Amino acid sequence: MESLENEAIPRKKSKLTYSELYKPPTNEELTNLHETTSMFGSNLVKLQIKEILAEISISKKQRLLIDDYLHSLHDVIMAVPSREQTTLNDHRWLGNVRFPFVENPRRVKGNMIFMAPVDIKVVGSYQLDTGLNQHVDVDLLIVMSQACMQEKDIMNQRYFRKRASYLAYIADYLHGNDLVSKVNFSYFCDETMKPVVHVTPHDPLKHITIRLHARPEVDFKLERFLPSKNNVRWNWFHESKDEEPFHPTPHYNNLMLMDQLMEPHLTLLHQSSKDFPEFKNAIKLIKTWLHQRELNKGFGCFSGFIASMLLHHLLTINKINNTMSSFQIVRNFFQFIATSDWKTHGIGTNNETILKEFHDHHEVVFVDGEGRINFCAGMPALLYDLVRHEAESSLTALDSPQGFNVVFIVCKPKLLKQLRVSIDRKLADTGGQYITSMITSMSDALVHGLGHRVVLCGVRTHSYKQWSINENPPTWYQVSTCLSFGLNLNEDFAFDQLEKGPSADSAEATKFRDFWGEVSELRRFKDGSVCESVLWGVGGREVPTHVCKHVLLRNCGIPPSALSFSTNQVEDLITLPRKRIQYGKVIGYSGTGDEVVTTATRSYNELARTLRDLKTLPLTITHVQGVSPVLRNTEVYPTPPFETIRVVRTIEVGGVKREIPVPGEPCPAFTQPIQVQCSLEGSGSWPQDPHALRRLKAAFHIAIVDELKPLFPCVTSQSYIDLIKDGFVFRISMVYPREVVVLQTHRTKEGMVRVRDTKESIELEKNIVKLPQLSSLLQGVHQRFHSFGRCCRVTKRWINSMMLSGHINDEVVDLLCSFIYLSPSPYNTPGSAQVGFLRFLHFVSTFDFNSTPVVVDFNDELTNEDINHIHTHFLTNRTSLPPISIMNNKDRLASPWSTSGPSKIILRRMKDLARISLVKMEGQISGADKDINFKTILNPSLSAYDVIIRLKSQWLPRRFESEQYKPLKRNNTDCSNVCNDCLPVVNFDPMQLYIDDLKASFSELAMFFYDTNGGCLVGVLWKPTAFQPKPFNASSSSCILQQDGNVVPDVPSVIEDFKILGDGLVDSIDLISNKWKI
Amino acid sequence: MENQNNKVYQLKIKAHASCSSCHTLFITNKSKLNEHVLLVSNIPPYCNQHTLHRLFGKCGNLLEVRVQKHENKPINDDQTSDNFPPPQILGYKVAFITFQSNKGINEFIKKTKSTDPWLISNESTKLITGLRRWCLDYIHEQPDPDKLKLEVDEYMNKYDAKVKQEQEEEIANDGIPDDEGWVKVSSRGRNAGVSRTETNQKKSKRKEKKKRKQNDMFSIYKYQIRESKRQKIAELREKFEEDKLRIQAMKEARKFRPF
């Protein structure tokens, strides 16, 4: 933690000398300067691309090493001895190596003979120099000797099995070789019929993988692999003896072609990229982009190869040319995908008949120039939609100032989608390529079933792990990642209870009934129509989950037990079950508390109207603004309206009974007042003196109370009015906006009036000018996104439970959450609190607060220039701005809300905690656990603290909010004072008062950590600098004087003071560390 | 006796008889010719004016006990009253204790010789801290509305009268030269002066600058055009250099690690 104290970026001034700045430009320099703006958008992008390319490209030095290695490997493989003939079913000759092919059915005709390869060629991205440095995959294509082949090898998986056993034999041979450290198998592109060998070399190259593919020496005839042809016989596969139906086998055919077309495609790409280095760079950038979005993972993914072929296609249709920069190529690439539709209008060739034939058999069509093979054969339509959507959002992001980072740097893991449904491995065993063949029907069912409830439905296909050569290959139910669907809900319709279908007598009605099954029923609607419809009898937010379960069970036969959902489990954290505590008081609410907020808002609006209509005031109230988080639904646990209360002791003030807290009696329940600020119409007769202003405001409060007394119980104090309406306590205060100026103004000696900020004026401005502004802006966000409030509440609950209460104020959290909702790129706006919270954790743990400000753009008002201006101002004034700097429309240059915290140390701790919590939550979500219980993330670790102060829970009125709280069973001794119109104890939280006292006395010595939501511990952490001896002066406090005239903290008496200050509240004090012993 | 004023006396105090550790008060003699003042620092948060009065009253008659947060920051409390109290002094504080005569100070110095800690609470005067204090504070926060109203009215009447009097004086003195013959310019009358504020001063300066700028002419001579072109290139270069620095900073922050 110490190291953070003096961490600041050293900003060097970029100053060129006069002669450097004004020397005559060379031609080259001129073109360079102009080119940057025309080809890259800006200098910055050009330089950034240069940097990122240097980071992701494979260096020349490394290529030399790899090339050397490949030569020696080539010699080894060429020298593999031949083997005599066996049958294809006999795997004994493979020795310890398990046959890397799931044989289903087991029996197949044909013989296998191994002859040394004819040739070995380097193919793929390594050869083209478009590979990425991070995981170097070198593809070697082994040309199998024609002697191994037989007639009819293309039939019934014979070629694939032959290929697998050929590669397995090579793997066995390589296994013992000195050149090789590890040999594994994996499925190429997660196709279970195409195992490849992974060879890992020894040390200097151990991060690279060499993949061995195989192909026949003589090409098969192309006509046999048209999508409509049959190459796997029904009777063989089902081991039946019926009449052969000759079903087309498009997928199988495509796979057969892949091996033999590898080389021709490589040649094409090679020609395109020759003398066109920007082409290669563009491929690298796009690959990075795909990787960040995990679009290149799983079965039928959008691989880097597809991207390269697409660029080649763009080159042939003149969408790009070789004068373009990589930035422009990438832009055009996004543009092309975003506007394309390969589901109906495939691309790649001009031959309409060929395209049509492919469309008949594949969902997504992108064929090669001669119409031989479909690159997107396995791609589910949903995945293509996802790619298109990502391209579209990246295209818009590229034009924004922070776009580069969003598109290429920021990692966008799959989990941060809106709603996830995973299908796990407990499915009924039906054999074969079950998952692959089900994807289409499942996604159709989901898309149809959810209809307008979703905006976008994405799919993340399953994938398999590598396996060792001594293990059996994984079958379809041993996937490493489950098939998962991500749903981007449409907030307007997603939670509708009713699914209205076609009218009963129409032709579609039968279809509708078929699809929905028994849950479909006839209903009469208000307009008199009688329609088929489905009514979901569950709570609004559960509807999408229920739809998914029902639809998948009915149309695909997948039982709900095989599904796992990640939806709203995180909202459990902000529910507070309604219960009655001692003396009949009620805490908590049913549901998530949204209802409390709705009623509170309604009361507030009525109150505001009453205030505006007040008659007896000399000036009318023009503006009423509620500033409490409750009104924007961002208070963790809003105080519910109270009912009859039985009070312990009351006093009477100005005719109103007030409950008071009395030591020795039970603690009154916690009531958080709703803060309301009123301002009056303008007038010239306000005094210009702070003391007089204070009294005049009090006079207004008295006048308001006098008029409102008959309507509501209310009392006034010097600076506010407490008022009860509908069971809510409102704290109303009068505001005079010019008071800020009054505080700022002072006269210099020369008699000049100067306006300068003072500590008090800044504080006041924040409270009476900026807070109302911010409240209304945040209220706007709350109304735009209905999950925003819940997201803020969950986030605050998390921060509090990490014992960081008081270090980060409510407004900062609200602003950070609104940033996540307002600038979601590269994602979409979160649709549920869970997604919002996950994004928050991800954002906090990864965002570089040190060198970037958080710019919250309410109402989309800021232009690119504005944002650039904010960034430059931020960078030049970094040292004077707080660790988390949040600018918004109203505060473009300063960050008033985060000045009081978090400090650098706290920010660092928050980042660490966020990372840990995120890992825990993702583990729960992807672990496909049935019972996701996020409450476990709320357990704070106490190991970091030096002293732990334990408090007596009887006097903690908020103890009920804690997870750990267990109510004691005891008889509610009836208290005789029942009081209906009595003002409850407002805003009285001994824990908070104790912390305030501690901070006032010991803030130089220690930091205090606590949880306002019912925690009963205070963690104390000594500041690292606290124990250095300091010279004595009159303001030295809580210390003892040493012989040498320096002072050091007097820890025993400080600990004693902890006890004395918290007399009656402190239970015990544990000293954990003895860091203070000097 | 020269350095008597710089000597730091230490006084041990205890909150209760049962407390195991003591607090140390640091006391310096700040006496001037006719003032017999001790500056007490490191006073714990629960020690208030009354406690100090009781403790130091043992040494002699006290004239004043003034409690402050810091040594040199006197609080301006002439505008406060029971209903509008000054902000509470929280945490550790210092106090100036004025004795009637030098006797008290000598008595005090004598007493510091013994090492026995002084008790700041006993059976009759208990410390009010923690829960008891918070509850009391909560009750005190609520003033009596009638008294509050009375005080506010009284104060505002006085204030209004004061303002009125000032105004009348100003009007009465308008245009009348003072002893040295200067006339004060006021905001009233036909020749009202501009009020002397910083904003006004800045405004007039800005106006002047604008005027001067309007008189300049550009793009007339060849050299001016050439100059502006040169300027443009220089700007581009400067921007380029700045961007390079930014990239450097990003590189240091390891921003170019996409994986």
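What follows is calculated from the coordinates using simple rules that are stated; it is not laboratory data. Being a predicted model, the structure only gives us computed values, none of them experimental. Cβ: placed from backbone, ideal geometry, glycine included. Neighbour counts: every protein chain shown.
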Could you grab the relative contact order for chain B? Cα pairs under 8 Å, six or more apart, rounded to a whole percent. 15 percent
Starting from the Cα of residue B:230, step 7 Å along the direction of its Cβ; do the same at residue A:877; then give the gap between the two resulting points in nm. 3.5 nm
Quick one: which of A:805-817, A:358-370, A:552-564, A:517-529 comes out on top by average Cβ neighbours within 10 Å, and what's the full order, highest first? A:805-817, A:358-370, A:552-564, A:517-529
What is the sum of charges around residue A:330, taking Lys and Arg as +1, Asp and Glu as -1, for the other residues whose C-beta is under 12 Å from the C-beta of residue A:330? +2
What are the semi-axes of the equivalent ellipsoid for the range A:175-250, taken as the square roots of 5 times the Cα gyration tensor eigenvalues, largest first, in whole Å? 38, 15, 11
Everything considered on the Cα gyration tensor (a ≥ b ≥ c; rounded for a/c under 1.5, else prolate if a/b is larger than b/c, else oblate), the range A:826-866 must be described as oblate
Specify the residue with the greatest mean-square fluctuation among B:61, B:157, B:191, computed from a Gaussian network of chain B linking alpha-carbon atoms under 10 Å apart. B:191
To the nearest whole number, what is the average tally of beta carbon atoms from other chains within 10 Å of the beta carbons of peptide A:739-752? 1
Debye, to nearest 20: dipole size of the protein assembly as shown, +1 on Lys, Arg Cβ, -1 on Asp, Glu Cβ: 2240 debye
I'd like the Karplus ³J(HN,Hα) series for the range A:287-300: coefficients 6.51, -1.76, 1.60, θ = phi - 60°, whole numbers in Hz, and an x wherever there's a Gly or Pro. 4, 4, 4, 4, 4, 4, 9, 6, 7, 9, 10, x, 5, x
From the helices alone, meaning DSSP H stretches of at least four residues, give me the mean residue ellipticity at 222 nm for chain B, per-run term -39500 (n - 2.57), in deg cm²/dmol to the nearest 500. -14500 deg cm²/dmol
Report, ordered by chain and residue number, the aspartates and glutamates lying within cross-link reach of residue A:319, taken as a straight Cα distance under 18 Å and ignoring same-chain residues fewer than 8 apart. A:275, A:278, A:341, A:368, A:392
Using DSSP to define loop residues, name the GluC sites (Glu not before Pro) in the range A:732-805 whose beta-carbon has at most 12 other beta-carbon atoms within 10 Å. A:750
Given the candidates A:896, A:112, A:856, the one whose Cα lies deepest towards the positive end of the charge dipole of the protein assembly as shown, counting +1 at each Lys or Arg C-beta and -1 at each Asp or Glu C-beta, is A:896
If you average 1/r over every pair of different alpha-carbon atoms in the range A:441-560 and take one over that average, what Kirkwood value in Å do you get? 16.4 Å
Please arrange A:920, A:904 by how many other C-beta atoms lie within 10 Å of their C-beta, fewest to most. A:920, A:904
With a 31 Å threshold on alpha-carbon distance, the violating pairs from A:770/B:162; A:61/A:287; A:749/B:209; B:69/B:111 are A:770/B:162
Calculate, for residue A:620 and residue B:201, the FRET efficiency according to 1/(1 + (r/R0)^6) with r their C-beta to C-beta distance and R0 45 Å; round to the nearest 0.05. 0.75
Centroid-to-centroid separation of the range A:589-647 and the range B:219-233 [C-alpha atoms, Å]: 64 Å
Which GluC sites (Glu not before Pro) in the range B:137-185 pass both tests, a DSSP loop state and at most 10 other beta-carbon atoms within 10 Å? B:180
Be a star and scan the range A:241-256 for residues whose amide nitrogen sits under 20 Å from the point 7 Å along the Cα-to-Cβ vector of residue A:356. A:248-250
Report the gain in length on full extension from residue A:758 to residue A:218: 0.36 nm times residue separation, minus Cα-Cα distance, nm rounded to one decimal. 185.7 nm
Using the crude model of +1 on Lys and Arg Cβ and -1 on Asp and Glu Cβ, and no other charge, please compute the dipole size for the range B:134-259 relative to its Cα centre, in debye to 20. 2440 debye
Using alpha carbon centroids, what distance separates the range A:300-338 and the range A:486-520, in Å? 40 Å
For residue A:137 and residue A:240, extending 7 Å from Cα along the Cα-Cβ vector and measuring point to point gives, in nm, a value of 3.7 nm
Averaged across the residues of A:1052-1064, what count of C-beta atoms belonging to other chains lies within 10 Å of each residue's C-beta? 6
Roughly how crowded by other chains is peptide B:36-42, in terms of the mean Cβ count from those chains within 10 Å of each of its Cβ atoms? 3
Compactness index (Cα Rg / 2.2 N^0.38 Å), chain A: 1.13
Hey, which lysines would be in cross-link range of residue A:911, C-alpha to C-alpha under 26 Å, not counting anything within fewer than 8 residues on its own chain? A:412, A:414, A:417, A:796, A:920, A:935, A:999, A:1023, A:1075, B:251, B:255
Chain A, helix-only ellipticity at 222 nm - DSSP H runs n ≥ 4, -39,500 (n - 2.57), divided by all residues, nearest 500: -11500 deg cm²/dmol
Cβ-Cβ cut-off under 10 Å around residue B:116, Lys and Arg +1, Asp and Glu -1: the net charge is +3
Find out how many positive minus negative residues lie around residue A:350, taking Lys and Arg as positive, Asp and Glu as negative, among other residues whose Cβ is under 13 Å from that of residue A:350. -2
Qualifying chymotrypsin sites (Phe, Trp or Tyr not before Pro) in the range B:187-242, DSSP loop, other Cβ atoms within 10 Å at most 11: B:218, B:221
Square roots of 5 times each gyration tensor eigenvalue, C-alpha, the range B:12-107, largest first, Å: 21, 20, 12
Could you give the nm distance between label points at residue B:119 and residue B:208, where each point is 7 Å from its Cα heading toward the beta carbon? 7.4 nm
